[in-house]
Amino acid sequence: MPGWTRAHFRRLFPWEADRYAAHLKALTPQGRRWRFCGCLGDDALGAHAARAIETCHVEGCFLDGRLIGAFELFVDPLPLGHAQVALSVDPAHHHDGLGSELLARATSRASLMGAPEIDLQIQEDNAAMIGQARRAGAAMSRDGVDVGAALAVPPADPRRLSLALLQDEASLLQGMFALVSGVVRRAVARTMDDRWRLGARRWPARGGMSPSATGEGQ
């Protein structure tokens, strides 16, 4: 079974923009071009990550604490229900089904948000993504060097709404826990570093030994 089947999926929040940006920066040059229909530098990717989490539903796949895939779903109120989705998968997890799982999850979320269909813009040489869209039943069209895919979204199932709300609450708690854990780790590391520096100033000479250990001051 693919390694990602051990992973968990959850929504990302604004304080995790750096984490999302790191995932996007890990894409290969070709992966960046496929994802953004053009090449973006690291600074642009950082700005995009922050903006996307503020304006879209961004959901990530975490394996052993590492973000290995994500989708962005944007539902435009004008025209009502028009939605766009974009996927990104860590290079180590290409061709193992994670992209298809992300697309399925994006479709499910779009349904709950009232979108009748979702659109994808795919580079013409991205055969894997074109194949995923076709297998999902998307209607394909060509626009210059890009391939458009329109995927019909099933009507929302009210029974899934409560589950989605619970999942979002769990995502929030997990995101906050990750934030607090990171703050605590950095604080501990900073404290230990400060203590080491203080000790180095107090006993700077003779192999780092204190005065009493060298016989001085007695």
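Only the coordinates and a few stated rules stand behind these numbers; no lab work does. Keep in mind that what you see is a predicted model, and the values were worked out from it rather than measured. Note that each Cβ is placed from the backbone with ideal geometry, even for glycine, and that neighbours are counted across all protein chains shown.
Determine, for each peptide in 26-34, 112-120, the mean count of other beta carbons within 10 angstrom over its residues, then list the peptides with the highest first.
Those peptides, ordered most packed to least, come out 112-120, 26-34.
Which of Val147, Ser108, Leu40 sits closest to the plus end of the dipole of the range 3-159, meaning its Cα is farthest towards the positive end, when Lys and Arg get +1 and Asp and Glu get -1 on the C-beta?
Comparing the listed Cα positions along the dipole, Ser108 ranks first.
Obtain the nm distance between the two label points defined at Cys39 and Leu78 by a simple spin-label model: each point lies 7 Å from its Cα along the Cα-to-C-beta direction.
3.7 nm
Ordered by packing density, taken as the mean number of other Cβ atoms within 10 Å over each peptide's residues, highest first, how do 140-150, 97-107 rank? Could you put the intermediate results ahead of the total?
Working: 140-150: 13.1, 97-107: 20.0.
Peptide ranking by packing, descending: 97-107, 140-150.
Between Asp143 and Asp18, what FRET efficiency follows from the Cβ-Cβ distance if R0 is 35 Å, with the result rounded to 0.05?
Calculated transfer efficiency: 0.55.
With charges set only on the Cβ (+1 for Lys and Arg, -1 for Asp and Glu), what does the dipole of the range 3-159 come to about its Cα centre, in debye to the nearest 20? List each step's numbers first, then the result.
Working: 16 positive and 19 negative charges, 69 e Å.
Result for the range 3-159 is approximately 340 debye, rounded to the nearest 20.
So, R0 is 25 Å and r is the distance between the beta-carbons of Lys25 and Thr55; what FRET efficiency does that work out to, to 0.05?
Values: r = 20 Å, r/R0 = 0.80.
The calculated FRET efficiency here is 0.80.
Can you give the relative contact order of the range 3-159 as a percent, counting alpha carbon pairs under 8 Å and 6+ residues apart?
19 percent
Name all residues of the range 115-130 having a backbone nitrogen under 20 Å from the label point set 7 Å from the Cα of Ala150 along its Cα→Cβ direction, giving them as ranges.
115-124, 130
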